[in-house]
Amino acid sequence: MQIHPWQSIQLSDYEAHMSMDDIRQLQTLNDSMREQLQCYRTETIIILGVCAGNGLEHVDTSITRILYGVDINTDYLQMASLRHHGLSDIFVPLACNVAQEAEKLPHAQLVIANLFVEYIGYEAFKHAVTCIDPSYVSLIIQQQTGDVFVSTSPYQDAFSHLQEILHPITEEGIISALKAIDYCYCFRKQMDLPNHKYFVRLDFKRLD
């Protein structure tokens, strides 16, 4: 069976690359996770592409009673559990290829999907959201003014196979995709990054 590109990337390479001073994506994602969790204070949360749990320290355990962390890489999930052992009463790691196994995903009130939609595409993400049936969706996509998706670094070769699963994603595209399943766009925030890149946070609320 073919290994998924995300299963072949060592966590040490991922974190070293993402945290470099001229990339700073790991730090920016941590700040964003804090803001997302503070904005939607729900009892149940599912984080798609949780990796090793960057930002989970911001979870308010006085409010959240179940926190699902979903990732295709079981090593990432194991590290998330180890790093955030204080959340062991509420953290439920789920190994899942969301593009193919969305039916396995549990219901949650809030979906957080940061730098995730790019790797499964609009249709698979719509299906995942439909399966989870959340009240709110908060996601971050990467956009760039240059041509290169992965920034130059000593670790960039570790990411070479991601091009095989990369989907072109735009703000307009994701807004349209979620509108089709009755989620209304309600918030936008842009975060500028080095190397001609920027993050865009887009939030959505289910139309009742």
Next on the checklist: Using alpha carbons only, how many angstrom separate the centre of region 151-184 from the centre of region 60-133?
Outcome noted: 17
Next on the checklist: Among [x] 114; [y] 318; [z] 128, only one was calculated for this model; which label is it, if the read-out is volume of the Cα convex hull per residue in Å³?
Outcome noted: [x]
Item to check | region 1-109 - Rg and Dmax from Cα coordinates, angstrom | outcome: 14.0, 42
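We did not get these values from a lab; they are worked out from the coordinates using the rules stated. Just so you know, these numbers come straight off a predicted model, no measurement behind them.
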